[in-house]
Amino acid sequence: MAAIDAVLDEAGLKNVRVREFVHRYAELTGADRIEVVNASDDARLVQESLDAGELLPAGEGRYYSRSHPKDTARSEERTVVATNNPADKGVYNNWRPASEMRPLLEERMRGASAGKTMYVVPYLMAPPGSPLEAFAAGVELTDTRTVVLHMIRMARVGVDHVNDLADQDSFVRAVHVTGDLENLGQGTADDQRYFVTVADERTILHYGSSYGGNALLGKIAHGLRQAAYDGWASGQFLAEQFMLLGITDKQTGRAYHICGGFPSASGKTNLAMMLAPDALGDRYQVHFYGDDIAWLRVDPEDGRVYAINPEFGAFGVAKDTNEVTNPTAVEAIAEGTGTIFTNVAYNEQTHEVWWEGKTPRPPADPTGWRDWAGQLISERPADAKDAPWAHPNSRFTTTLANVPNIAPDYENPKGVPVDGIIFGGRTRDREPLIRAITDLAEGVYDGLTLGAEATFAAEGTEGVLRYDPMSMRPFMSYAEGPYAAHWLKVIGAATDQPIFAHVNWFQRDPEDGHFLWPGYRDNLRPLLWLMQLRNGEVTGTRTPVGIVPTKEELELTGVDLRPGDMDTLLTIDTERWRQEMAHREEHLSTFEGVPEEIWAAHRRVAAALDAETS
Ligand code: GTP
Ligand code: SPV
Ligand code: MN
C-alpha cells in the first residue's frame, strides 16, 4: 500500500478517487508493481518493449507486434453490457445484470496479473476543452505494455486529464487484465473471456485479450459503448461508430463536414483519409477529422449539429492499404511516425512489413519473411502455401497528427458543424451508389435498417448478411427503441438539419464479382453531389427510397468505369426492395419501443414502393 502511494505521489497523481481505484485493483489483480503513464513516457516504454522482444523494429521509428494467434479480433459473443436496470436490455447489447457480471469479472481478474506491472493510464477521449469533456476522462489499468503504447497513440494520455476534474469522481474506471491467452478456451463452450461495460457504474472490465478494442479501453469500450450510454442518460449527445471528414471547395471557399457510419472494416478510415481524385484536386480538398468514432451534439447558439472525434489516433485495417487506394494512410504510417503494426507479415532480416494488397504480389524473395503467426514463409507446409501472409484483421496504429490531410482545426474543442450524415456497408446488390434522404425520421429509419455483410473485424462471421443499426450493432449499450428515440430527440433539436444519405461502394457484378464502383478516392464524387443537393444546386431523381443522382449530375471526369456499370449503380430494383421491406419490418419488430415516427417512415417507404409497381 505504502509502495503504491509512493508511486502515485511521485507521478503527481492527486485525484483521490483515482488513487482509491488504483489501490483496489492493484490488490485484486495481484500485480507486482504499478507505474503511472504519461504520453512523454513513450520513448522509454518503446525501448523497454524492444528490449523485451514485445516489439520488433520495422524501420526507423516504426514497430511490429504479433498478438497471440488465438487473439486477433473482437469477440461479439463475449462482449456484454451490464447495468442495474433490466429495462436496458436490448436485442444487440448482450445485457446482463451488473450484480452478476461485476463479481464474475473480479473473480477472473483476482491474482491474474501476478508477476506483472499494472500500468495506470489516465486519458481523455475528447479534444481538451470540449463541451463534452465531462464524459471524456478515464483511467485504464492494464497489465500489458504494448497496450499502453497503443493507448498513447489512440488517446490523450497524462495525469493532468484526471487531476483537474471538476467532479473528481467523473472518470471512467477501465480495467484490462490479459489472462493466460494460451488457455482461455477462446471460441469453445468453455470460453473464459469476458468484455464487460458496466454502463451505469461507468466501469469497464475486460478480461482475456490484449488485441485492439478488446484491450485499448478508451476506444470502443469508453468512446462508443460507455459514451453512448452517457449520451442517452444525460440526454446531451450521441456517440456513434462514425468517421468524420471535411470537404473544402477552393473555388467558392465553402467548407462542408460529413460524418457517418459503416460497419467495422467497411471503409470509414479509407473514406475519412481520402484525397480528392486527381481530376478534382485543383478544386476540392478533403480533410481528415476522425475515422471510427464521432460524438454529436446540438449547439444551442446556432442550432447546428456539431461533431468531435474523441480519439487521438487511428487503428486502421492494413489490408489493401497502398499508394493508390490510400496515399495519406501510406504517409501516416511511414518511417518516423511511431506507427505500430500488428499481425501483418514481417521480415526479420530487413525489418520490412507486408500485407495483402500492399503490393499486387507478395515479395518475390521469401528470405526472412514470416507470416502474421510467426511461421517462416519458406517453411510453410504445402497446404498452407496460399494462406494470407497477414491476418485479415491486421492493423496499423498511428496518431492523428501523422495523417497528412489532417484538418487544421481537428482539435477545435467545439467540433465542426455537420452538413451530412451517411450510412453504408458492404452490400453486393440492391443498394445504389448513393440515395439521399431529406427527412429526419426517414434518415434515422435508414440507419436503423442498415444491412451489410459482416467482416473479419470480429471473430467468425465474415460475409454473412446482417442488420447492423447505424453500424452500432457490436457497440450498442442500451435498447434499440430508446436509441432511435434519442436520435430523433438530439438531431431533432437542430434547427439547421444535416441531410442524410445511404451510400454503397461495394456493389458487385453478379457474373464476375468485380466492384462496379472504383471506390476509395472516387467516393468523393457522390459526396459532392450530396452537398450540391443540400444546397439546391442539383435535384436528382426521386425514388421511393430516396433521391438518386442522375448520371449527368455526378462529376465523373477521369473515373474508370466499365460500360453499363454506372447505370446499374444508380438503379433502384423495386421488386428487390419490396422483398427487403418485409425483412426490415421483421427486423424493426424485434426492437421494443421503436418510436411511431420510425414506423411511419417505414410505412411511407413501403407504400411508395408498392405504388411504383401497381
Ligand atoms: P474499422 O476500423 O474496423 O471500424 O474499419 P473501417 O470502417 O475504418 O474500414 P477501413 O476503411 O479500414 O476499410 C476496411 C477494408 O475495406 C480495407 O481493406 C479497405 O481497403 C477496404 N475498402 C475501403 N474503402 C473501400 C472502397 O471504397 N472500395 C473497396 N472496394 N474497398 C474499400
Ligand atoms: C472495429 O472493429 O470496428 C474497430 C477495431 O474499429 S476495434 O477497436 O478492435 O474494435
Ligand atoms: Mn470501428
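Based on what the data block shows, is Ile421 touching a strand residue (DSSP E or B) at 6+ places or on another chain (Cβ under 7 Å), away from ligand 1 (no atom under 14 Å from the Cβ) and either at pLDDT below 95 or not small (Gly, Ala, Ser) (or both)?
It is true that Ile421 is touching a strand residue (DSSP E or B) at 6+ places or on another chain (Cβ under 7 Å), away from ligand 1 (no atom under 14 Å from the Cβ) and either at pLDDT below 95 or not small (Gly, Ala, Ser) (or both).
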Exercise. How about segment 228-246: which of its residues are more than 16 Å from ligand 1 (Cβ to nearest atom) and not hydroxyl-bearing (Ser, Thr, Tyr)?
Worked result: Asp230, Gly231, Trp232, Ala233, Gly235, Gln236, Phe237, Leu238, Gly246
Seminar exercise, completed: When segment 458-469 is checked residue by residue, the ones that are of a type in the set (A, V, I, L, M, F, W, C) and within 13 Å of ligand 1 (Cβ to nearest atom) are Ala458
For this session: Might you let me know whether segment 550-559 holds any residue that is farther than 14 Å from Ile258 by Cα and under 23 Å from the mean Cα position of the chain (by Cα)?
Result: no
Seminar exercise, completed: When segment 239-262 is checked residue by residue, the ones that are touching a residue at least 40 places away in the same chain (Cβ under 8 Å) and either in a helix (DSSP H, G or I) or away from ligand 3 (no atom under 16 Å from the Cβ) (or both) are Gly246, Ile247, Tyr256, His257, Ile258
Exercise. On the given criteria, is Ala272 in contact with a Leu (Cβ under 8 Å, 6 or more places away or on another chain), of a type outside the set (S, T, N, Q), within 20 Å of Met154 (Cβ to Cβ) and touching a residue at least 40 places away in the same chain (Cβ under 8 Å)?
Worked result: no
For this session: Look through Ala494, Ala501 and report the one residue that is farther than 29 Å from Asn84 by Cα, surrounded by fewer than 23 Cβ atoms within 10 Å (Cβ to Cβ), touching a strand residue (DSSP E or B) at 6+ places or on another chain (Cβ under 6 Å) and among the aliphatic types (A, V, I, L, M).
Result: Ala494
Problem set entry | Members of segment 321-336 found to be closer than 20 Å to Trp372 by Cα, more than 16 Å from ligand 3 (Cβ to nearest atom) and not hydrophobic (A, V, I, L, M, F, W, C), listed by number | Asn322
Problem set entry | Near pairs, Cβ below 8 angstrom, 6+ apart or cross-chain, from segment 582-596 (within 15 Å of Ala606 (Cα to Cα)) to any residue that is part of a helix (DSSP H, G or I) | Arg584/His602; Glu585/His602; Glu585/Ala606; Leu588/Leu448; Leu588/Ile598; Leu588/Trp599; Leu588/His602
Exercise. Which residues, taken from segment 406-460, are within 16 Å of ligand 3 (Cβ to nearest atom), within 22 Å of Pro498 (Cα to Cα) and in a loop (DSSP other than H, G, I, E, B)?
Worked result: Gly425, Leu450
Exercise. Identify, please: which residue in segment 212-264 is β-branched (Val, Ile, Thr) and crowded, with 24+ Cβ neighbours inside 10 Å and is, among those, farthest from ligand 2 (Cβ to nearest atom)?
Worked result: Ile258
Exercise. Where in segment 1-116 are there helices (runs of 4 or more DSSP H), lying fully within it, with 3 or more residues that are surrounded by fewer than 13 Cβ atoms within 10 Å (Cβ to Cβ) and without any contact (Cβ under 8 Å) to a residue 40 or more places away in the chain?
Worked result: 2-11, 42-52, 98-109
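Is it true that His502 is more than 28 Å from Asn270 (Cα to Cα) and either of a type in the set (Phe, Trp, Tyr) or out of contact with any Cys (no Cβ under 7 Å at 6 or more places or on another chain) (or both)? Steps first, answer last, please.
Values: more than 28 Å from Asn270 (Cα to Cα): no; either of a type in the set (Phe, Trp, Tyr) or out of contact with any Cys (no Cβ under 7 Å at 6 or more places or on another chain) (or both): yes.
It is false that His502 is more than 28 Å from Asn270 (Cα to Cα) and either of a type in the set (Phe, Trp, Tyr) or out of contact with any Cys (no Cβ under 7 Å at 6 or more places or on another chain) (or both).
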For this session: Scan segment 36-57 residue by residue and report those that are more than 19 Å from Ala155 (Cα to Cα) and either among the acidic types (Asp, Glu) or at pLDDT below 95 (or both).
Result: Glu48, Asp51, Glu54
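Name the residues in segment 188-209 that are small (Gly, Ala, Ser), more than 12 Å from Ser75 (Cα to Cα) and assigned to a loop (DSSP other than H, G, I, E, B), would you?
Ala189
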Exercise. Residues in segment 472-487 that are assigned to a helix (DSSP H, G or I) and under 15 Å from Asp230 (Cβ atoms): how many?
Worked result: 4
Exercise. In segment 39-95, how many residues are out of contact with any Gly (no Cβ under 9 Å at 6 or more places or on another chain), within 16 Å of ligand 2 (Cβ to nearest atom) and more than 30 Å from Trp232 (Cβ to Cβ)?
Worked result: 2
Exercise. Within segment 397-427, how many residues are closer than 14 Å to Leu245 by Cα, in contact with a Phe, Trp or Tyr (Cβ under 8 Å, 6 or more places away or on another chain) and not hydrophobic (A, V, I, L, M, F, W, C)?
Worked result: 6
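Would you mind listing the strands (runs of 3 or more DSSP E) fully within segment 263-331 where at least 1 residues are within 19 Å of Ile220 (Cα to Cα) and among the hydrophobic types (A, V, I, L, M, F, W, C)?
Working: elements: 284-290, 294-299, 304-308, 313-317.
So the answer is 294-299, 304-308, 313-317.
The values are calculated or read from the model by the stated rules, or taken from the named source; none is laboratory data. As the structure is a computational prediction, the values presented were derived from the model and not from experiment. Heads up, the Cβs are rebuilt from the backbone with ideal geometry, glycines too, and the neighbour counts pull from every protein chain shown.
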